[in-house]
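Asks: Got a structure for you, written out below as structure tokens; questions coming shortly.
Just so you know, all these numbers are worked out from the coordinates, no wet-lab data involved. Predicted, not measured: the structure shown is a model, and the values here were computed from it. Don't worry about glycine lacking a Cβ; one is built from the backbone with ideal geometry, like all the others, and counts go over all protein chains shown.
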Amino acid sequence: MHIFCTDMEGKEHKLQATEEWSVMEIIREGGIPILAQCGGSCACATCHVYVDPAWKDKLPEPNEEEIGMLDGAFEVNENSRLACQMIFNEKLNGLKIKLAPGSV
């Protein structure tokens, strides 16, 4: 299983994905630079990513804590999510995301 992550230079990377890992952990394990300063505890917005529109409805809705953290992120749009709050499972095989400004 895998996800596709587009870095800040616009290069797409195919990353090996592990079930029950957060998308943030998958990005880090794949060697893509991402700040994720709080380490995945939803206490910052430095793992902000944009979810490809084709995948947006396949993800669970963000909880209030994630929405609150996104309020402080840069360049938030309707496809914005925190990578630490998206837990990978087989239904997300092939997920496409792009790192957002402030995440690197």
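Asks: What are the residues whose amide H is under 5 Å from the amide H of H13, where those residues sit 5 or more places off or on another chain and H is modelled from the backbone?
Replies: Placed amide hydrogens put C5, T6, D7 under 5 Å from H13.
Asks: Taking the Cβ of N93 as the center, what net charge do the other residues with Cβ under 13 Å away carry, scoring Lys and Arg +1 and Asp and Glu -1?
Replies: Summing Lys and Arg as +1 and Asp and Glu as -1 gives +2.
Asks: Pop out the ³J(HN,Hα) list for the range 89-104 in order, Karplus 6.51 cos²θ - 1.76 cosθ + 1.60 with θ = phi - 60°, rounded to Hz; leave Gly and Pro as x.
Replies: Those phi angles translate into 9, 4, 5, 9, 4, x, 3, 10, 9, 9, 5, 9, x, x, 8, 10 Hz.
Asks: What residues have an amide H closer than 5 Å to that of W21, excluding those fewer than 5 places away on the same chain, when H is modeled at 1.01 Å from N in the peptide plane?
Replies: F88
Asks: Provide the net charge surrounding G31, with neighbours chosen by a C-beta distance below 15 Å and charges set as Lys +1, Arg +1, Asp -1, Glu -1.
Replies: Charge balance in the 15 Å sphere: -2.
Asks: Give me the orientation-averaged projected area of the Cα convex hull of the chain, in nm², one decimal.
Replies: Mean projected area for the chain: 5.6 nm², to one decimal.
Asks: Still on this structure, please answer the following. Any idea which of P53, M8, G72 is furthest toward the positive side of the dipole for the chain, if Lys and Arg beta-carbons carry +1 and Asp and Glu beta-carbons -1?
Replies: M8
Asks: Further, regarding this structure: Would you mind pulling out the separation of the Cα centroids of the range 11-50 and the range 74-104, in Å?
Replies: 8
Asks: Next question, about the same structure. What ranking, highest mean first, results for peptides 27-33, 4-10, 71-77, 95-101 when packing means the other Cβ atoms within 10 Å averaged over each residue?
Replies: Numbers: 27-33: 16.1, 4-10: 14.3, 71-77: 12.3, 95-101: 19.4.
Per-residue Cβ counts within 10 Å, averaged per peptide and sorted highest first, yield 95-101, 27-33, 4-10, 71-77.
Asks: Please report the relative contact order for the chain, taking Cα pairs under 8 Å with a sequence separation of at least 6, and give it as a percent rounded to a whole number. Mind dumping the intermediate values first?
Replies: Values: 210 pairs, mean separation 43.3, N = 104.
With pairs under 8 Å counted, the relative contact order is 42 percent.
Asks: Further question: Short version: ³J(HN,Hα) in whole Hz for each residue of the range 62-69, in order, from phi by Karplus 6.51 cos²θ - 1.76 cosθ + 1.60 (θ = phi - 60°), x for Gly and Pro, what are they?
Replies: Here the 3J(HN,Hα) series is x, 7, 4, 5, 5, 4, x, 5 Hz.
Asks: So for the pair E65, E12, with labels modelled 7 Å out along Cα→Cβ, what separation do we get in nm?
Replies: 3.3
Asks: Determine the sum of side-chain charges near L82: Lys and Arg each +1, Asp and Glu each -1, restricted to other residues whose C-beta is under 12 angstrom from that of L82. Don't jump to the answer; show the numbers that get you there.
Replies: On the way: positive: R81; negative: E65, E66, D71.
Result for the neighbourhood of L82: -2.
Asks: What ranking do C47, C84 get, fewest neighbouring Cβ atoms within 10 angstrom at the top?
Replies: Ascending number of Cβ neighbours within 10 Å: C84, C47.
Asks: For E19 and D57, what is the calculated FRET efficiency with R₀ set at 25 Å and r taken between the beta-carbons, to the nearest 0.05?
Replies: On the way: r = 21 Å, r/R0 = 0.82.
FRET efficiency, E19 to D57: 0.75.
Asks: A further question follows. If amide hydrogens are placed 1.01 Å from N in the peptide plane, which non-local residues have theirs closer than 5 Å to the one on H2?
Replies: Excluding prolines and chain starts, which carry no amide H, the hits are A17, G94.
Asks: Summing -39500 (n - 2.57) over the DSSP H runs of n ≥ 4 in the chain and dividing by its residue number, what mean residue ellipticity at 222 nm do you reach, to the nearest 500 deg cm²/dmol?
Replies: The helix-only estimate for the chain comes to -4000 deg cm²/dmol at 222 nm.
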